[in-house]
Amino acid sequence: MKLKKWIYLTIFLVIFYYAFIVNIVITLSIIASLYIAFKLYRFYAKRELNKLVKSKESFEKSQLGLFVALVAKVAKADGRVQELEAQLISMMFDDISKIFNEKEKARAIMKEIFNEEKQKEGNTKEIAQALNKILGRSIIKRKQFLSFLIQLAYIDSGISQDEKKVLHEIMQELNIEPSVYDEIVNKFENMMKNKQETMSLQEAYEILEVKQSDDMNTIKKAYRKLIKKYHPDIISSQDKDESYMEEATAKTQKINQAYQVIKDENKN
């Protein structure tokens, strides 16, 4: 009888060992291997990314270079680059350049690509096609890029007919369904409606975290500091869900409205 109990106990311990201890070791080994693989991938990806700044030609053919070119097309669509558009683009250059070792060189190349593409006409379709080819099957990145371009169009006074035409051309070449485009636009339109709601002067000062006695230079500095803090970051958005771009845009629209209210008051 005692022998039976020992046999049962031995069988139980063997099962327990293989079912739990061995599996835990295997699981931990798999996790460790995946972690190391991820680190190696990040290292390799960053090394490959930094090769882009070796020349302007290689940068402009990359995913980031093509996106900067499309930003130029949307910004210039209605004739000229507005002040708020220029500010958002400048911050975008700052965001992207952070991921490079040679930050200033990367920024200078992006600025050069932007200025060149701003002057060119009739090649939006080809640029969007090239970007579409690089993106492969990634619908998430397509939507993130399109969301940023729509946000750029909206930042001054809503989407103009010329901007809409350019955005539609990009949407089609990126293989984004019209329903997806409309969904993104509707979200921005709802934000614009909220933006147009009356904001008191007192509320505007509170949003910008300034005093009514402050001069316009102080207020402008506070405004730029807040915009830089809350603007939608095209690089960070790739690691976050879709609500990130919406929330960041809503916040920047509120800050823009507050600044406009104070500017209008100081004109009178």
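The values are calculated or read from the model by the stated rules, or taken from the named source; none is laboratory data. Just so it is clear, the structure is predicted and the values come from calculations on it, not from any experiment. Backbone-built Cβ (ideal geometry, glycine too); neighbour counts: all protein chains shown. Ligands, DNA and RNA are excluded from the accessible area calculation, which covers all protein heavy atoms including side chains. Shrake-Rupley method; radii C 1.70, N 1.55, O 1.52, S 1.80 Å.
Scan region 49-105 for residues that are open to solvent by 20 Å² or more (accessible area, probe 1.4 Å) and part of a loop (DSSP other than H, G, I, E, B) and report the count.
Matching residues across region 49-105 total 12.
Being of a type outside the set (Val, Ile, Thr), without any contact (Cβ under 8 Å) to a residue 40 or more places away in the chain, crowded, with 16+ Cβ neighbours inside 10 Å and closer than 26 Å to residue 87 by Cα is true for just one of 171, 110. Which residue is that?
171
Identify, from the list 125, 143, 133, the residue that is over 23 Å from residue 75 (Cβ atoms), part of a helix (DSSP H, G or I) and open to solvent by 30 Å² or more (accessible area, probe 1.4 Å).
133
Taking interchain pairs and intrachain pairs at least six residues apart, which have beta carbon atoms under 6 angstrom, with the first residue in region 205-217 and open to solvent by less than 50 Å² (accessible area, probe 1.4 Å) and the second at pLDDT below 85?
That search, which allows pairs on different chains as well, returns 207/258; 208/258.
Just one of 69, 106 is under 22 Å from residue 142 (Cα atoms) and in contact with a helix residue (DSSP H, G or I) (Cβ under 6 Å, 6 or more places away or on another chain); which is it?
Working: 106 fails: under 22 Å from residue 142 (Cα atoms).
After ruling out the rest, the residue left standing is 69.
Looking only at region 241-258, decide whether some residue is farther than 21 Å from residue 158 by Cβ, open to solvent by 20 Å² or more (accessible area, probe 1.4 Å), at pLDDT below 85 and assigned to a helix (DSSP H, G or I).
yes
Just to be sure before I move on: is residue 238 over 20 Å from residue 99 (Cα atoms), at pLDDT below 85 and in a helix (DSSP H, G or I) in the structure I sent?
Values: over 20 Å from residue 99 (Cα atoms): no; at pLDDT below 85: yes; in a helix (DSSP H, G or I): yes.
Taking the combined requirement at face value, the residue does not satisfy it.
Take region 110-126 and flag every residue that is within 13 Å of residue 66 (Cα to Cα) and among the acidic types (Asp, Glu).
112, 116, 117, 126, listed by residue number.
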